[in-house]
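Before any comments, here is the structure.
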Amino acid sequence: MKILVVGGGGREHALCWKIAKSPKVKHLFCAPGNAGIAQVAQCVPISARDIAQIADFAVREKIDLVVVGPEEPLCAGLADLLQKREIRCFGPSAAAAEIEGSKVFCKDLLRRHRVPTPGFQTFNDTNQAIAFLEAQDEFPIVVKASGLAAGKGVTICNDRNEAKLLVKKMLELRSLGDAGSQIVIEEFVKGSEISVLALTDGNAILPLEPARDHKRLKDGDAGPNTGGMGVICPVPTPHRFRLQIEQQILLPVVHAMNRENRKFKGVLYAGLILSPKGPMVLEFNCRFGDPEAQGILLRFADDIVPYLEAVADGTLEKCEGPRFDPRVSVTVVAASPGYPDNPETGLPIAGLQSIDEDDTLRVFHAGTKLSEGKFVTTGGRVLAVSALGADLMEARARAYDAMDAIKFVGKQIRRDIGIRELADAT
Ligand code: GLY
């Protein structure tokens, strides 16, 4: 088979690494890829945003399956374009990807189908949003831009003034451009967050093991929101919660999308809060999480390609649930100085050669390139180390040992990935 992976981050490196291990794959391309991906796939210099060129390339190269990593090309209609050109695709149509591309659509869908989610109102008018905030007694409150905002769209506002200022910035001053021209104001619900990703062909679902991302930049969940600074997988989740997530959240949403002519084929990512009232949906994404994919795929014990094909072909009900390595994975992300606002680039990266990689410990590149034979940084999140261990303590030790061997000026990492769960377990 010939497979093309679209994207160039850590998630796509993990996907390429896993796909390249499949005996079914004869040739693996990645557009655009990065310096790490180039070690397992042929990188093609086409931006993930250039959906017309990607479709042309797929036709020209007679690609058997396109696997789309990021949300942007999906929301822009890459899967639809590929379908028109009779190329199989792992990833939803633009209509289905709206579950991530429009938080207003997503929350309305959840309300229509009685899927548990925190209370909310949607607005595109500043005065109405301000009047709503004036009438609220309970703070904090959550303000969300409806559109895609590269991880910058969700803010927990601690008081009314903070919320009013933010609403004005988004709706009037268009601080996030069109992404913030509609907003959701949502009840703040206490609890612990988990990410549950499920493969689905629009009928059957196969949930993957729960993971927990650490979205803030600094230890103790301080600092600004980021794309994600580290992940543990699995997250111990009571059986009744797993059942509720499957029966009351994932399946109803997949069937609702189907009934509304937005059949979802790909990986449906539920961002959940485990609240005293049970699991509730904070958001849905239309793709693998990053860095969730790195932590999950290191534990995915089967050949992934038959699953990707079954999703694209609509035959997932014939697949057994995938097996997972019983060990725990810990993933630690290293980001550039200045990330997330103004990441510095072009910094030499040392120490990669000293790391002994195998199937239990991998370095997944994100913002890297080779310059005169040496690795340098090119973006905000630079790379991640994912490691397996018999328990969380061992997985953390292995991941941090490897991460400490990797050096670049101003490297930012969190030191507390998995610390809370370690404390909970003892
Ligand atoms: N790690 C969060 C995300 O992928 O959206």
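We did not get these values from a lab; they are worked out from the coordinates using the rules stated. The shown structure was predicted, so the numbers you read here are calculated from the model rather than taken from an experiment. Backbone-built Cβ (ideal geometry, glycine too); neighbour counts: all protein chains shown.
Take the alpha carbon atoms of the stretch 252-318, find their radius of gyration, then divide it by 2.2 N^0.38 Å using N residues; give the quotient.
Expressed relative to 2.2 N^0.38 Å, the Cα Rg reads 1.29.
Spin-label pair K62-K190: with each label point 7 Å from Cα along the Cα-Cβ axis, the two points sit 6.2 nm from one another. With the simple spin-label model, which puts each label point 7 Å out from Cα in the Cβ direction, the T345 to Q128 separation comes to 4.0 nm. My understanding is that a pair violates if its Cα-Cα distance is over 22 Å; which of K107/K263; K218/K407; K62/K263; K18/K152; K144/K164; K84/K265 do that in this structure? The pairs that break the limit, which is 22 Å between Cα atoms, are K62/K263; K18/K152.
Within the listed set P224, P340, P73, the Gaussian network model of the chain (springs between alpha-carbon atoms below 10 Å) gives the highest mean-square fluctuation for P224. Using a simple spin-label model with pseudo-atoms 7 Å out from Cα toward Cβ, R415 and E260 lie 4.6 nm apart. Dipole magnitude for the stretch 1-137: about 800 debye, using +1 per Lys or Arg Cβ and -1 per Asp or Glu Cβ, origin at the Cα centre.
In Å, what Kirkwood hydrodynamic radius results for the stretch 268-425 from the alpha-carbon pair distances? If you can, show how the numbers build up before the last one.
Numbers: mean 1/r = 0.0570 Å⁻¹.
Result for the stretch 268-425 stands at 17.5 Å.
Summarised as an ellipsoid, the stretch 221-295 has semi-axes of 23, 17, 12 Å, derived from the eigenvalues of the Cα gyration tensor scaled by 5 and square-rooted, with the largest first.
Sum up the charges of everything whose Cβ sits under 14 Å from the Cβ of A48, counting Lys and Arg as +1 and Asp and Glu as -1, but leave A48 out. Write down the numbers at each step before the final one.
Details: positive: R11, R49, R287; negative: E12, D50, E71, E72, D290.
Net local charge, A48 excluded: -2.
Place a +1 charge on the Cβ of each Lys and Arg in the chain and a -1 charge on the Cβ of each Asp and Glu, then give the dipole magnitude about the Cα centre in debye, rounded to the nearest 20. If you can, show how the numbers build up before the last one.
Numbers: 52 positive and 54 negative charges, 70 e Å.
The dipole of the chain has a size of about 340 debye.
Both numbers refer to the Cα atoms of the chain; Rg and Dmax are 20.7, 61 Å. For the pair K84 and L173 in one chain, pulling the backbone fully straight at 0.36 nm per residue adds 28.1 nm over the alpha carbon distance. With R₀ set to 22 Å, the beta-carbon distance separating A135 from N158 gives a calculated FRET efficiency near 0.80.
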